[in-house]
Amino acid sequence: MKTKSLWHYLSSRKKETVLAPLFKMLEACFELFIPLLVADIIDTGIKSGDTGYIVRRGILMIFFGILGFTLAVIAQYFSAKCAIGVSSDLRRDLFYHISELNYKNLDEAGLSSLITGMTSDINQVQNGVNWALRLFLRSPFIVFGAAIMASTISPAASVIFWITIAVLIFIIVLIMKLSMPLTAKVQKQLETVTRSFKENITGVRVVRAFNSQPSEKRAFNTNQDELYRRQIKVGKISSALNPLTFAVINAAIIFILWTGAINVDTGVLSQGQIIALINYMSQILVELIKFANIVLIVSKAMACFKRVKNILSIEPVLANGAKKIDASSAIDIKLENVSFAFDKKGGNALENISFHISKGTHAGIIGATGSGKTTLINLIARFYERSCGSILINDIPIEDYDIASLTSHISLVPQKSVLFRGTLRENLKWGNSEASDEECFDALKDSCAYDFIMEKGNGLDLYVAQSGSNFSGGQRQRLAIARALMKKSGLLILDDSYSALDYATESHIKNSVFNHRDNCTVLTVSQRVSSIYNSDIIIVLDNGSVAGIGKHSELIKTCPVYNEICLSQNFNEEAN
C-alpha cells in the first residue's frame with residue numbers, strides 16, 4: 001500500500017491539531033506577562049507602599065493564572081483526542097495491511113516485529129503526538145517570547161538571553177543526534193525480547209518436556225540484559241541534558257545578577273526589572289528542559305513511526321488478477337513444471353511438479369515429513385507464489401484470478417487446527433456466515449464432533465477459549481473440519497487433518513466428505529496411507545519431487561517410495 005506520512009494522520013484531525021497548540025500558546029502569552037506584573041508590584045506598589053495597588057495587581061495575576069490553567073486543560077483535551085485518534089488510525093491501517101500480506105511477506109517481516117509495531121511502536125507514536133501538540137510550539141514560543149520581553153526591559157541584558165538560547169539549542173540538537181539511532185536499536189532489541197517471550201509461551205509444553213527452562217532463562221536474560229544495556233546507554237545520554245541545561249541557565253542568571261547589581265547601583269535598571277529578567281531566565285530554563293525532553297520523546301516517536309512505516313511499505317509479492325472464479329462447479333487443478341523456493345539463497349522446496357486433478361476428483365497427496373506436501377497446497381491456495389512453472393485453475397493461470405475470489409471458493413483445514421475465542425457458533429460461521437443452526441449441527445455430525453459438543457452442554461453457545469485450548473487436539477481437528485464443511489466451495493483441502501483421530505472417526509469423516517461433496521474437488525494431504533489409499537488419484541512426493549502418480553493398486557506395484565511407505569506402516573487394504 002502507499003505509505004502515509006505522520007502529517008496525513010494529523011491532517012485528518014485538523015481541528016484538534018490546530019486548537020491544541022493554539023490554546024497552549026494563548027496560555028503562554030499570559031505566562032509571559034507575569035514577570036512584568038511582579039516587576040510592577042516591586043517598583044510601584046512596594047516602593048510607594050500602596051497596598052491597594054499590590055492587591056489589584058495580585059488579583060490580576062490570579063486571574064491570569066486561572067485563565068492560563070483553563071486554556072491548558074482545553075489544550076490537553078484536544079491534544080489527547082488527536083493523539084489517540086492518530087494511534088487508532090495507524091493501528092487500524094497496520095492491522096488491515098498485515099491482514100493483506102501473504103505468507104512470504106509475513107515470513108520476511110517476522111512476527112515479533114509485527115507485534116512490537118502494533119503495540120510498543122504505536123504507543124510511542126501516540127505519546128509523541130500528545131507531547132508535541134501540547135508543548136512543541138509552546139516551549140519555543142515562551143523561550144523566544146521571554147528573550148523578546150527581556151529586550152524591552154534592557155536591550156543590553158537581552159544579549160545574554162540570546163547567547164544562552166543558542167548554546168542550549170546546540171546542546172539539544174547534539175543530544176538528539178546521539179540518541180535517535182540508539183533509540184531505534186532499543187526498539188529492535190525489544191523485538192528480540194518479544195520473540196523470545198512469545199516462543200516460550202507458545203512452546204511452553206515443549207520447553208518443559210525437554211526440561212529446557214534453565215537454558216531458556218539464560219537466553220532470555222541475555223536478550224533482556226542487552227535491552228537493559230542499550231536503554232541505559234540512551235538514558236545516560238538523555239540524562240546529560242538536564243544538568244547541562246541547568247549549568248548554562250544558572251551561569252546566565254549569575255551573570256544577570258552580577259551585571260544587574262551594577263546597573264541598579266548606577267540607576268540604569270530598577271530592582272523590579274532585575275527580578276523580571278531573572279524570572280524570564282527561569283522561564284527559559286523550565287521551557288528548554290521541557291523542550292529537550294519533548295525532543296527526545298518526539299525523536300523516539302519518529303523512530304517508532306519509521307518502523308511502522310517500514311511494515312506499511314511492504315508490498316505483497318502476489319499479483320492480484322481480475323477474473324472471478326466460477327462458484328457453480330468443482331475446481332480443476334493443473335500444475336506444469338512448478339518449482340518453489342522459500343529463499344533465493346536456498347534450494348528449491350519443490351522441483352518440477354506436474355500433475356492434473358480433474359473437477360470433482362478426490363485426490364490424495366502423501367510423502368514423508370519434509371517432502372513438500374504443505375508447501376504444495378499453499379501454492380495451490382495461492383498463499384505463496386511459485387518460482388517457475390504454471391498453475392492453472394479451471395484452465396486459467398492462477399495469477400489471473402482475484403485472490404479474494406479464489407480463496408473464497410477454497411475450504412482449508414490446516415495442519416495446526418486454529419480456533420478463535422468466542423462461541424462455537426461464531427467459529428463455525430467462519431465457513432458460512434449465513435448458515436442456520438441446523439446446518440451447523442449437520443457439519444458437526446459429519447465431522448464426528450456432535451456427540452462431545454452436546455455432552456459439554458450449551459450447544460452452539462459453547463465457549464471456545466483462545467486457540468481452542470479448552471478442547472483436546474482431536475476435538476480441535478474435528479471442529480476445524482466442521483468449519484471447513486460449512487463452506488460450500490469448489491475445493492476442499494485437508495492438510496494432515498486426521499492425524500489426531502482414531503481410524504473409526506477418520507473413516508466416518510471420510511465417508512461424510514465423499515457422500516456430501518459430489519460437486520467438489522477434495523485434496524487430502526497425509527502421511528498415513530489409510531487416509532488416502534481409496535482416493536481417485538494419489539500423488540507421491542519425495543524430497544520436493546513427484547515420485548509417482550496413480551491409484552493405490554498401481555502405485556503399490558510401480559512406485560518404490562509409495563511401496564516403502566505402505567510397508568513401514570504395515571498397510572494393506574484387507575487389514576485396513
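The values are calculated or read from the model by the stated rules, or taken from the named source; none is laboratory data. Owing to the predicted nature of the structure, the values given are computational and were not obtained by experimental measurement. Positions of Cβ are generated from backbone atoms using ideal geometry, with glycine treated the same way; all protein chains shown enter the neighbour counts. Heavy atoms of the whole protein, side chains included, go into the accessibility calculation; ligands, DNA and RNA do not. Shrake-Rupley method; radii C 1.70, N 1.55, O 1.52, S 1.80 Å.
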Given 4 °C, 1.567 mPa s and a Kirkwood radius over Cα pairs, the Stokes-Einstein diffusion coefficient of the stretch 418-576 in µm²/s is 77
Per residue, how much accessible surface does the stretch 6-312 expose to a 1.4 Å probe? Answer in Å², no decimals. 51
Using alpha-carbon coordinates alone, the radius of gyration and Dmax of the stretch 415-488 in Å work out to 10.6, 28
Using packing as a proxy for protection, rank 255-268, 282-295 so that the peptide with the highest average count of other Cβ atoms within 10 Å comes first. 282-295, 255-268
Per-residue counts of other Cβ atoms within 10 Å, averaged by peptide: what ranking do you get for 407-417, 471-481, highest first? 471-481, 407-417
Give me the Kirkwood hydrodynamic radius of the stretch 6-312 in Å, from all C-alpha pairs, to one decimal place? 22.7
Over its Cα atoms, what ratio of radius of gyration to 2.2 N^0.38 Å does the stretch 331-453 give? 1.26
For every other residue with a beta carbon closer than 14 angstrom to the beta carbon of Phe95, add +1 if it is Lys or Arg and -1 if Asp or Glu, then tell me the sum. -2
Beta bridges per DSSP with both ends in the chain, % antiparallel, nearest 5: 50
Sequence gap at least 6, Cα distance under 8 Å: using those rules, report the relative contact order of the chain to the nearest whole percent. 15
Amide H contacts under 5 Å for His362, placed H, 5+ residues apart: Val522, Asp536, Ile537
Summed side-chain charge close to Thr192 - residues other than Thr192 whose Cβ falls under 12 Å, Lys, Arg +1, Asp, Glu -1: +1
What residues qualify as long-range amide H neighbours of Leu350, i.e. H under 5 Å apart, gap of 5 or more or another chain, H built at 1.01 Å from N? Phe340
Taking the alpha-carbon centre of each part, the distance from the stretch 59-103 to the stretch 287-335 in Å is 23
Heavy-atom accessible surface of the chain: percent carbon and sulfur, 1.4 Å: 59
Tell me which DSSP H helices of the chain clear both cut-offs, 27 Å or more of axial length from alpha-carbon atoms and a mean Kyte-Doolittle hydropathy of at least -0.5. 14-40, 51-100, 155-202, 241-266, 271-312
Quick one: Debye curve from the C-alpha atoms of the chain, no solvent, what's log10 I(q)/I(0) at q = 0.07, 0.10 Å⁻¹? -0.63, -0.96
Could you name the aspartates and glutamates whose alpha carbon sits less than 13 Å from that of Lys4, not counting residues in the same chain fewer than 8 places away? Asp89, Asp93
